[in-house]
1. Tell me, what HN-Hα J-couplings in whole Hz come from the Karplus equation 6.51 cos²θ - 1.76 cosθ + 1.60 at θ = phi - 60° for each residue of the stretch 152-160, using x for Gly and Pro?
2. Compute the length gained on full extension between residue 125 and residue 183: take 0.36 nm times their separation in residues and subtract their Cα-Cα distance, giving the result in nm to one decimal.
3. What relative contact order, as a whole-number percentage, does the stretch 41-172 give when Cα pairs under 8 Å and 6 or more residues apart are counted?
4. Could you work out [θ]222 nm for the chain from helices alone, using -39500 (n - 2.57) per DSSP H run of at least four and dividing by all its residues? Round to the nearest 500 deg cm²/dmol.
5. For an R0 of 35 angstrom, estimate the FRET efficiency from the Cβ-Cβ distance between residue 164 and residue 17 and round to the nearest 0.05.
6. Per residue of the stretch 143-150, what does 6.51 cos²θ - 1.76 cosθ + 1.60 with θ = phi - 60° give for ³J(HN,Hα)? Whole Hz please, x for Gly and Pro, Karplus curve as stated.
7. Using the alpha-carbon atoms, what tilt in degrees (0 to 90, nearest 10) does helix 40-60 show relative to the longest principal axis of the chain?
8. So between residue 69 and residue 26, what do we pick up on full extension, going 0.36 nm a residue minus the alpha carbon distance?
Amino acid sequence: MGAFEYLSVLISIVLGLGITHVLLGFGQWLERRDRFRPYGPALAWASFVLLLHIQTWWTMFGYQGHASWNFLQFAVVLLQPIVLFLLALVVLPSGDAPDPDLEANFHRQRPWLFGLLIALLAVSVLKDLVRDGDLPDGLNLAFHGVFLGIAVAGSSLKRDAPHRVLAYSALGILLVYIVVLFFEL
């Protein structure tokens, strides 16, 4: 087993925990749909977080050619799945919530959701700096800027209508980001 395979095990475990948490949230929403009133922005952000987990796991394969690892590089690379896991925790209410309300949970968790998204974007850029010594390429960095703008707007806006636009836009932009930059390994 090479260094990449060894290190990718822990990264995959953390990503798997985040994916599991989001899927459990969706499952609990379906199971208790008579008490869970649908709230589009919450479901769109949960889909966004799930897709980010999958995209992150997909792109981690690109690190297989990185032959020499040090602890700082690994820690920063691992930090991305850790922040994603924290996003998974706040994006949907937990199963033990007495009266799960997707809209109330979204607005209660909104500062954390968008704060963690900003942290994730910073870690993503830092990961490239620490691992490769360079910023992400221009198009990738431009998408980071767009997501940063969405996160900053989301953290400051409180009304429902802008959150619907932000959530659905972010999900659509993430799909474009994946198709344009990460469609193939």
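We did not get these values from a lab; they are worked out from the coordinates using the rules stated. Just so it is clear, the structure is predicted and the values come from calculations on it, not from any experiment. Reconstructed Cβ throughout: ideal geometry from the backbone, glycine too, with neighbour counts over all protein chains shown.
1. 5, 4, x, 6, 9, 8, 10, 6, 5
2. Using 0.36 nm per residue and subtracting the Cα-Cα distance, I get 18.9 nm.
3. Details: 103 pairs, mean separation 43.1, N = 132.
Computed value for the stretch 41-172: 33 percent relative contact order.
4. Numbers: 6 runs with 144 residues, N = 185.
Counting only the DSSP helices, I get -27500 deg cm²/dmol.
5. Working: r = 29 Å, r/R0 = 0.83.
Efficiency at R0 = 35 Å is approximately 0.75.
6. Once rounded to whole Hz, the list reads 4, 4, x, 5, 5, 5, x, 5.
7. Compared with the principal axis, the helix lies near 10 degrees.
8. Details: separation 43, 0.36 × 43 = 15.48 nm, distance 3.66 nm.
Between residue 69 and residue 26, full extension yields an extra 11.8 nm.
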